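Below: one structure, written as structure tokens.
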Amino acid sequence: MAMSATAKVLAGGAFVIGFGLGWAANVDRGSVLAQAPPRPFMMQRVYTGTDGLSHVENIPLNAQSMLEQIVGARVSVSQPGSFSDYHVGPERRYIINLTGGGQLQVAEGKVDLPAGSIEYIDDLTGKGHTTGNVGKEPRLSVWLRFTDQKQIIGPLNKTK
């Protein structure tokens, strides 16, 4: 399935906006940049562990990060209070949260997904995770489907 030029521009723009929002949210406005470098922007990768449970790891988003080729884009809106019980990701994808307050439940506990955060969904098997909109406004997110749908079991960050 080929993406139209408009869809590619919208998907690229959404990724840039999500990155910009996340960067802005992670910069400590009270410090002088010369005193301390800004914290790296992190995305949360949700993956299936060898124990069959969904886990989360933080991955810095930079030029060395794993970047996936995108084959499709979709905009999703979930209403405040919406909740999806345990489920696995239906496909490998990035989810860029633009508004609202999402929250996942994985083996380690709850993971907050504020506006500007990026999720890397890779838990296609096992118990899965829950997803809820815990904010007071609709959660608007952009889903970017990966061309490569081969699941990666376990963390990418092997030093855990």
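The values are calculated or read from the model by the stated rules, or taken from the named source; none is laboratory data. Keep in mind it's a predicted model, so treat the numbers as computed, not measured. Here the Cβ is made from the backbone with ideal geometry for all residues, glycine too, and neighbour counts use every protein chain on show.
The set of residues in the stretch 68-89 being in a loop (DSSP other than H, G, I, E, B) and closer than 13 Å to ILE121 by Cβ consists of GLU68, VAL88, GLY89.
Among the residues making up the stretch 90-102, a single one is closer than 23 Å to GLN149 by Cα, surrounded by 19 or more Cβ atoms within 10 Å (Cβ to Cβ) and over 10 Å from the mean Cα position of the chain (by Cα): ARG92.
Answer yes or no as to whether PRO114 is over 13 Å from TYR47 (Cα atoms) and in contact (Cβ under 8 Å) with a residue 40 or more places away in the chain. Taking the combined requirement at face value, the residue satisfies it. Can you find, within the stretch 27-68, the residue that is modelled with the highest pLDDT among those that are more than 11 Å from LEU156 (Cα to Cα) and basic (Lys, Arg)? By that ranking, first place goes to ARG39.
When the stretch 42-89 is examined, which residues are found to be basic (Lys, Arg) and either under 16 Å from VAL142 (Cβ atoms) or loosely packed, with under 13 Cβ neighbours inside 10 Å (or both)? Explain how you work it out, then say what you get.
First, pick out the residues of the stretch 42-89 that are basic (Lys, Arg): 45, 74.
ARG74, the sole residue that qualifies.
If the condition is being crowded, with 20+ Cβ neighbours inside 10 Å and part of a loop (DSSP other than H, G, I, E, B), then the stretch 103-125 contributes ALA115, GLY116, SER117, ASP123.
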